[in-house]
Amino acid sequence: MKTREKRGNTMIRIAKESDLPAVAAVYEAILDHEDATGLHYTGWKRGAYPTADTARNIFNAGTLYVGVDEDGTVWGSMNLNGVQLPEYKNGGWSIPAEDDQVAVIHTLTIHPDRAGQGLARQMVAFAEDTARSQGKTVMRFDTGVGNAVSNHLYPTIGYRFAGTVDTFFMGYVHCPLNLYEKKL
């Protein structure tokens with residue numbers, strides 16, 4: 001399985017246990033940024049999702065990847081697996097695939113101080129390469145309808161909008177999700 005990709009002075013790799021506090025700190029920085037700006041685009045809830053326990057659970061599953069600088073500073077993370085939310089069955093998918101052919105990105109994060117540097121693009125490109133190396137043929141993921149940055153980014157890097165589904169995110173908030181897909 002591919003676990004490393006270096007671009008410039010950054011690298012994306014499978015997370016180490018020592019990365020977990022930094023991953024949780026990125027989650028908190030995003031929530032702090034949302035509070036400071038009043039733009040609550042993630043649909044996340046402090047203390048509910050994502051948390052240090054979220055990072056630990058993803059790490060324990062072996063699907064937590066981190067973006068790091070040369071000095072080891074974690075600037076982002078993602079959960080890359082094949083788990084499709086139940087709501088995905090209502091998606092308008094145009095690329096047919098069996099469940100075991102689908103890779104899914106969850107909880108893609110970039111520290112707010114690093115926004116606008118192309119790091120999310122790097123994370124998605126890494127996820128695509130990793131999924132291909134695992135024999136996956138389709139990448140799917142979702143983002144909140146109100147997440148303007150993500151909803152702008154994904155079509156610009158080749159993802160097709162596959163509809164909007166309703167969800168009760170993590171059991172605490174109604175959050176319609178936009179679905180995206182790409183053939184790998």
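The values are calculated or read from the model by the stated rules, or taken from the named source; none is laboratory data. All values reported here derive from a predicted model rather than from experimental measurement. Cβ: placed from backbone, ideal geometry, glycine included. Neighbour counts: every protein chain shown. Ligands, DNA and RNA are stripped out before the accessible areas are found, and what is left, the full protein with its side chains, is counted by its heavy atoms. Shrake-Rupley method; radii C 1.70, N 1.55, O 1.52, S 1.80 Å.
Where in segment 108-174 are there chymotrypsin sites (Phe, Trp or Tyr not before Pro) that are in a DSSP coil and have at most 12 other Cβ atoms within 10 angstrom of their Cβ?
Qualifying residues, ordered by number: Tyr172.
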* Structure fact -> A correct Karplus calculation of ³J(HN,Hα) over segment 118-134, with 6.51 cos²θ - 1.76 cosθ + 1.60, θ = phi - 60°, whole Hz and x for Gly and Pro, returns x, 6, 5, 4, 4, 4, 5, 4, 4, 4, 4, 4, 5, 4, 4, 5, 8
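Report the trypsin sites (Lys or Arg not before Pro) located in segment 19-99 that are in a DSSP loop and have at most 16 other Cβ atoms inside 10 Å of their Cβ, or state none.
In loop regions of segment 19-99 (DSSP not H, G, I, E or B), the sparsely surrounded trypsin sites (Lys or Arg not before Pro) are Arg46.
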* Structure fact -> the chain: relative contact order from alpha carbon pairs under 8 Å, six or more residues apart, as a whole percent, is 22 percent
* **Karplus 3J(HN,Hα) series, Hz, for segment 94-104 with 6.51 cos²θ - 1.76 cosθ + 1.60 (x for Gly, Pro)** => 10, 9, x, 6, 6, 3, 6, 9, 9, 9, 9
* **Phi-based couplings in Hz for segment 56-73 (Karplus 6.51, -1.76, 1.60; Gly and Pro marked x)** => 4, 5, 5, 4, 4, 6, x, 10, 8, 10, 10, x, 9, 7, 3, 7, x, 5
* To do: With a/c under 1.5 counting as rounded, go ahead and sort segment 89-161 into rounded, prolate or oblate using the C-alpha gyration tensor (a ≥ b ≥ c being the square roots of the eigenvalues; past the cut-off, prolate if a/b is larger than b/c, else oblate).
  => oblate
* To do: Sum -39500 (n - 2.57) across every DSSP H segment of at least 4 residues in the chain, then divide by the residue count to get the 222 nm mean residue ellipticity, nearest 500.
  => -9000 deg cm²/dmol
* Please give the per residue accessible area of segment 36-184, computed with a probe of 1.4 Å over protein heavy atoms only, in Å². => 47 Å²
* Using Cα extents along the principal axes in Å as the read-out, say which of (1) 47, 36, 31; (2) 78, 53, 35; (3) 42, 37, 30 was calculated from these coordinates. => (3)
* Asked: In the chain, which longest range has no GluC sites (Glu not before Pro) that are both DSSP loop (not H, G, I, E or B) and surrounded by at most 13 other Cβ atoms within 10 Å?
  -> 99-184
* Counting only protein heavy atoms, what percent of the accessible surface of segment 1-150 is carbon or sulfur at a 1.4 Å probe? -> 50 percent
